[in-house]
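Quick notes on the structure that follows.
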Amino acid sequence: MLDLTASAVDITRTLCDIPSVSGNERALADAVVAALEPYGHLEVVRDGDLVVARTALGRAERVIIAGHLDTVPVNDNLPARDVVEDGEAYLWGRGTVDMKAGVAVQLKLAAELTEPAHDVTWIWYDHEEVEAAKNGLGRLARNRPDLLEGSFAILGEPSNAGIEGGCNGTLRAVVRTRGMRSHSARSWRGENAIHFAAPILAKLAAYTAKTIDVEGLAYREGLNAVRISGGVAGNVIPDVCEVEINYRFAPNKTAEEAVDRIRHFFDEYEVEITDLAGGARPGLDAPIAQSFARAVGGTPKPKYGWTDVARFSELGIPAVNYGPGDGQLAHADDERVRVSEIEDVERGLRGWLTGA
């Protein structure tokens, strides 16, 4: 049972211990629905393993607050447990950072705040940690676009309890070289495609990534080889070599501009774009976003990794990341979240939503 009257830390522990690896979110979605149904101030809607809970108070503005239910696979790091490091209390285990702590805070506040200053659409969705085609938010946009209407969005991705605005975009491409097979004992009769890839790797090694200012936040880009493959046997000169490239680009570029840049950078080679997701600008210029930033305090930072704030940005909704946890510990075997950050995010969201 998921008890939303418990502390956010205890709710986090319960959420982590309910199996929810991507594709296996059903039990957790069931638990979330069962926990929310007694709260009469919320309209609860379900789409597959995505759960929406909405207030309908006639407020002037509606805010979307969202988090994903799924995790990457477990690796002997559940059940969740309490640990202390250097005098600091942590909750350790898969999902504590990415992002059950953020979801726990959201669920607790959804249940408790019957009269928030803004109408709120709370969304907890499935399939975030896998390919974009399965993403629950994307499915909701197709099935119920009316549930994604709002003035501002907050995504509970780990941000060390501070605001991280927007996000970089991401592109993956395969850069191919082609040669001609021959027996390796007569290599002069062939053309080695792997050898032909050497200039690609040299070009990447010499590349200096840029840091680009976007609305006052500095986004670091990255262009790297992440996989290389080629060859069919130990005695055959390879006729094809593939270098997979990942380009993380600042949100001053559109996805199409990022594609053009990669094709130009590798203009001597065959390039296939295999994955593409645009970034999101910081979203901190809207008055409602500025009021949120003032309420929670701190200095906003850029989000380097791609998150679903980009989906809200595509819909014209300014969005930020705000959640407990260090993103560098997401997916790690020693994933763990500071208890103090869970409490800080709860305090910040509660204060802003109540107008305190």
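The values are calculated or read from the model by the stated rules, or taken from the named source; none is laboratory data. Keep in mind that what you see is a predicted model, and the values were worked out from it rather than measured. Cβ placement follows ideal geometry from the backbone for every residue including glycine, while neighbour counts extend to all protein chains displayed.
Which residues, taken from the range 289-329, are of a type in the set (Val, Ile, Thr) and surrounded by 14 or more Cβ atoms within 10 Å (Cβ to Cβ)? Before the answer, list the steps.
Narrowing the range 289-329 to residues of a type in the set (Val, Ile, Thr): 296, 299, 307, 309, 317, 320.
Those that are of a type in the set (Val, Ile, Thr) and surrounded by 14 or more Cβ atoms within 10 Å (Cβ to Cβ): 296, 307, 309, 317, 320.
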Residues that are under 30 Å from residue 82 (Cβ atoms), out of contact with any strand residue (DSSP E or B) (no Cβ under 9 Å at 6 or more places or on another chain) and surrounded by fewer than 22 Cβ atoms within 10 Å (Cβ to Cβ): does the range 38-51 have at least one?
yes
Within the range 317-348, which residues are part of a helix (DSSP H, G or I), more than 30 Å from residue 146 (Cβ to Cβ) and touching a residue at least 12 places away in the same chain (Cβ under 8 Å)?
327, 329, 339, 340, 341, 342, 343, 344
Residue check: is residue 114 assigned to a loop (DSSP other than H, G, I, E, B) and either of a type in the set (A, V, I, L, M, F, W, C) or over 20 Å from the mean Cα position of the chain (by Cα) (or both)?
yes
Would you mention how many residues in the range 179-209 are under 30 Å from residue 300 (Cβ atoms) and either buried (at least 16 other Cβ atoms within 10 Å of the Cβ) or at pLDDT below 95 (or both)?
1
Checked the range 219-251 for anything in a loop (DSSP other than H, G, I, E, B) and not aliphatic (A, V, I, L, M); matches are 221, 231, 234, 235, 238, 239, 251
Hey, residue 5 hits all of (1) surrounded by 14 or more Cβ atoms within 10 Å (Cβ to Cβ); (2) β-branched (Val, Ile, Thr); (3) closer than 30 Å to residue 292 by Cβ but one; which does it fall short on?
(1)
Given (1) surrounded by 24 or more Cβ atoms within 10 Å (Cβ to Cβ); (2) among the acidic types (Asp, Glu); (3) free of Cβ contacts under 8 Å to residues at least 60 places away in the same chain, number of the condition residue 86 does not satisfy:
(1)
Looking at the range 330-337, can you tell me whether even one residue there is out of contact with any Asp or Glu (no Cβ under 6 Å at 6 or more places or on another chain), surrounded by fewer than 23 Cβ atoms within 10 Å (Cβ to Cβ) and closer than 20 Å to residue 136 by Cβ?
yes
Could you please let me know if residue 173 is modelled with pLDDT of 95 or more, crowded, with 20+ Cβ neighbours inside 10 Å and in the same structural domain as residue 271 (by TED's automatic domain parsing)?
yes
Tell me, yes or no, whether the range 275-285 has at least one residue that is among the aliphatic types (A, V, I, L, M), under 17 Å from residue 321 (Cβ atoms) and part of a loop (DSSP other than H, G, I, E, B).
yes
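Condition check ((1) more than 15 Å from residue 319 (Cβ to Cβ); (2) free of Cβ contacts under 8 Å to residues at least 12 places away in the same chain; (3) hydrophobic (A, V, I, L, M, F, W, C); (4) surrounded by fewer than 16 Cβ atoms within 10 Å (Cβ to Cβ)) across all residues:
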site: 106; (1), (2), (3), (4): no, no, no, no
site: 126; (1), (2), (3), (4): yes, no, no, no
site: 139; (1), (2), (3), (4): yes, no, no, no
site: 149; (1), (2), (3), (4): no, no, no, yes
site: 162; (1), (2), (3), (4): yes, no, no, no
Do the conditions hold for residue 97, that is, is it farther than 20 Å from residue 312 by Cβ and either in a loop (DSSP other than H, G, I, E, B) or in contact with a helix residue (DSSP H, G or I) (Cβ under 8 Å, 6 or more places away or on another chain) (or both)?
yes
Inside the range 321-350, can you point out the residues that are of a type in the set (D, E, K, R) and within 14 Å of residue 80 (Cα to Cα)?
333, 334, 335, 336, 338
Restricting attention to the range 183-218, and to residues there that are over 22 Å from residue 264 (Cα atoms) and either in contact (Cβ under 8 Å) with a residue 60 or more places away in the chain or assigned to a loop (DSSP other than H, G, I, E, B) (or both), which single residue is farthest from the chain's Cα centre (by Cα)?
190
Any residue at all in the range 64-80 that's of a type in the set (D, E, K, R) and either in a helix (DSSP H, G or I) or farther than 18 Å from residue 152 by Cα (or both)?
yes
Is there a residue being touching a strand residue (DSSP E or B) at 6+ places or on another chain (Cβ under 7 Å) and over 27 Å from residue 133 (Cβ atoms) anywhere in the range 311-320?
no
